[in-house]
1. Counting only helical runs of four or more DSSP H residues, what would the 222 nm mean residue ellipticity of chain B come to if each run contributes -39,500 (n - 2.57) and the total is spread over all its residues?
2. If the cut-off is a Cα-Cα distance under 20 Å, which lysines reach B:Lys192, setting aside same-chain residues fewer than 8 apart in sequence?
3. Going by amide H atoms built from the backbone, whose H comes under 5 Å of the H on B:Leu155, apart from near neighbours?
4. Considering only the other residues whose Cβ falls under 15 Å of the Cβ of B:Tyr141, what net charge follows from Lys and Arg at +1 and Asp and Glu at -1?
5. Under 1.5 on a/c is rounded, so check that first for the range A:5-248, then, if it is not, pick prolate when a/b is larger than b/c and oblate when it is not; a ≥ b ≥ c are the square roots of the alpha carbon gyration tensor eigenvalues.
6. List the trypsin sites (Lys or Arg not before Pro) in the range A:212-255 that DSSP assigns to loop (not H, G, I, E or B) and whose Cβ has at most 12 other Cβ atoms within 10 Å. Which are they?
7. What is the average number of partner chain Cβ atoms found within 10 Å of a Cβ in A:193-200?
8. Cα to Cα, under 23 Å, and not fewer than 8 places away if on the same chain: which lysines meet these conditions relative to A:Lys84?
Amino acid sequence: MLARRIIPCLDVKDGQVVKGVKFRNHEVVGDIVELARRHADEGADELVFYDIAASTRGETVEPAWVSAVARVIDIPFCVAGGIKSVDDARARLFAGADKISINTPALQNPRLVDKLAAEFGSQCVVVGIDSREIDGEWSVHQFTGDPDKTRRANRRTLDWIGEVVDRGAGEIVLNCMDQDGVRDGYDIEQLSAARALCPTPLIASGGAGKKEDFKTVFNQANVDGALAASVFHKGLINIGNLKSYLIDEGLGIRP
Amino acid sequence: MTVGLIDTGCANLASVRFALERAGIDYKVAVTPGQAGACGRLILPGVGAAAPAMKQLDASGWSEQLRRDERPLLGICLGMQLLFEYSAESDIACLGLVPGEVARLPQADGLVWPHMGWNALDVLQPNNALLSGIDNGAYMYFVHGFYVPASSFALASTRYGADISAIVNSRHVYGCQFHPERSGEAGARILKNFAELVR
């Protein structure tokens, strides 16, 4: 049975792992390689690194830390942040990343998704979507790395998921911004709606606060993986304990 | 003994290189067969699609070399699929080192496509040296949309809408559909076992 994935997300800013609440007020939580190794040792199934400032700075992530991570960990990892071209993606993949994830650049240039899928295969092309409910509708946001630049993209979340999958995205990370950092549980309603129309792997993001939240999102929204940041970095949830709990609850999980 | 790592210009060479370094396995990157002349065994990694990879192997002389080579060979992911006779991915002939064909994974009810993530091995031939220390049920990391149906050449299989060849072997030729370089300790064990195979 294919295991549900537990995915710590490390938001990276200026070479350090940071975490904010609802995308604001970032605090430093530690060194990239050290945290990557710790999460892998604890049983993480995959890691995601978001250089949250890259899109807003107009820079791309540095392959130097990508290969530093690739050297030490033996589980897959995905790199996101400011990847605007096939060359940007190639540099990260050649440095040892298994997947690249694009968010704001895909909104600015949707054809980039097609190009990346054609060049590297859909399996390494992840599209990250930051979504928030506005006027009763889920809509996509962009430039979420910088609160002063964050703005609504003129797209409905569910439409955008359908479009990027058609263009060749191999996985969707749906970050529900209203839940981000507040540890009140995943947005089951939105994730279930996304699941119903998403034929590729779907990863839930935003809102994990306790072990039960993971069980709920797997059982009720039927997502392939659950991503979380602060609960892992701050040690509020130990990944090994979380996995034992989920196995006891009958979920297919890699021990 | 040095492992020759066949470079087809695909993206995941770094992952395999780092995994070999972590496992303490000496390797040499080889774009052409001549560069691996002193290597005692070979690894054919793979990411991407079958057609461009076969084109690269043909152009570099590797296709011809591998068809007459007798050194232990390990194909990884697409590299495993290329060991077989034919791939439906690009409707092309492959290396033909192991009998069988590559087909598209069926899009079964309720399963997302492609097969991406950690899945458990059903060990079929536990006495094969490549599987030394690998428990039945060990999880490995898979990422693929095409597959080789489990056959008598499968040392281990996994289940995802079909019985998938997870580890294959025919004579000196081995293959893993999953990525041992990204499959934690169990994956590292496979690489070590391959490096220590008695010829």
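1. On the way: 5 runs with 45 residues, N = 199.
Helix contribution divided over all residues of chain B: -6500 deg cm²/dmol.
2. Hits, sequence-local ones excluded: B:Lys28.
3. So B:Leu155 has HN proximity to B:Ile167, B:Val168, B:Asn169.
4. Numbers: positive: A:Arg4, A:Arg5, A:Lys99, A:Arg254, B:Arg182, B:Arg189; negative: A:Asp45, A:Glu46, A:Asp74, A:Asp98, A:Glu171, A:Asp224, B:Glu181, B:Glu185.
Net local charge, B:Tyr141 excluded: -2.
5. Working: a/c = 1.31, a/b = 1.05, b/c = 1.25.
Note, shape of the range A:5-248 comes out rounded.
6. On the way: sites: A:Lys215, A:Lys234, A:Lys243; in loops: A:Lys234.
Within the range A:212-255, the qualifying trypsin sites (Lys or Arg not before Pro) (loop, at most 12 other Cβ atoms within 10 Å) are A:Lys234.
7. Values: counts 0, 0, 1, 0, 0, 1, 4, 4.
Mean partner shielding for this stretch: 1.
8. Straight-line reach from A:Lys84, under 23 Å: A:Lys13, A:Lys99, A:Lys115, A:Lys149.
The values are calculated or read from the model by the stated rules, or taken from the named source; none is laboratory data. Source: prediction; values computed, not measured. Glycine gets a Cβ as well: all are built from the backbone with ideal geometry, and neighbour counts include every protein chain shown. For accessibility, only protein heavy atoms count, side chains too; no ligands or nucleic acids. Shrake-Rupley method; radii C 1.70, N 1.55, O 1.52, S 1.80 Å.
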